[in-house]
Amino acid sequence: MAALTIRDLDGEVKARLRVRAAHNGRSMEAEARAILRAAMADAPIAAVRRSRSAGLATRNTLATRNTRDFTHTGIDLTNPWQTTPAD
């Protein structure tokens with residue numbers, strides 16, 4: 001496994017990480033890993049948003065894995081985790 005060192009972390013951020021870790025029953029290191037995993041899982045959504053901001057679409061598009069619950073709304077949908085457009 002790779003190691004990561006974070007220098008100059010703000011004291012308030014560290015304190016909040018400690019509280020969040022305790023709340024979730026994890027060490028601070030395990031909590032940081034969970035936060036990073038979750039952030040990377042959301043990367044496809046951020047990429048979709050950036051492409052929309054770049055003018056690649058003329059309407060707002062909802063990026064979600066759960067397209068089924070939003071098909072009746074009439075808004076444009078995309079599932080960044082699938083390769084074909086959402087139905």
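The values are calculated or read from the model by the stated rules, or taken from the named source; none is laboratory data. Every value quoted in this text rests on a predicted model; they were computed, and no experiment measured them. Neighbour counts are summed over all protein chains in view; Cβ atoms, including those assigned to glycine, are modelled from backbone coordinates with ideal geometry.
On the basis of being modelled with pLDDT of 75 or more and of a type outside the set (Ser, Thr, Tyr), does Ala57 make the cut?
No; evaluated as a whole, the condition is false for this residue.
Quick check on region 60-81: of everything there that is exposed (fewer than 12 other Cβ atoms within 10 Å of the Cβ) and assigned to a loop (DSSP other than H, G, I, E, B), which residue is modelled with the lowest pLDDT?
Going through the qualifying residues, I end up with Asn60.
Going through Arg33, Arg20 one at a time, which residue ends up being over 17 Å from the mean Cα position of the chain (by Cα), modelled with pLDDT of 75 or more, part of a helix (DSSP H, G or I) and of a type in the set (Lys, Arg)?
It is Arg20.
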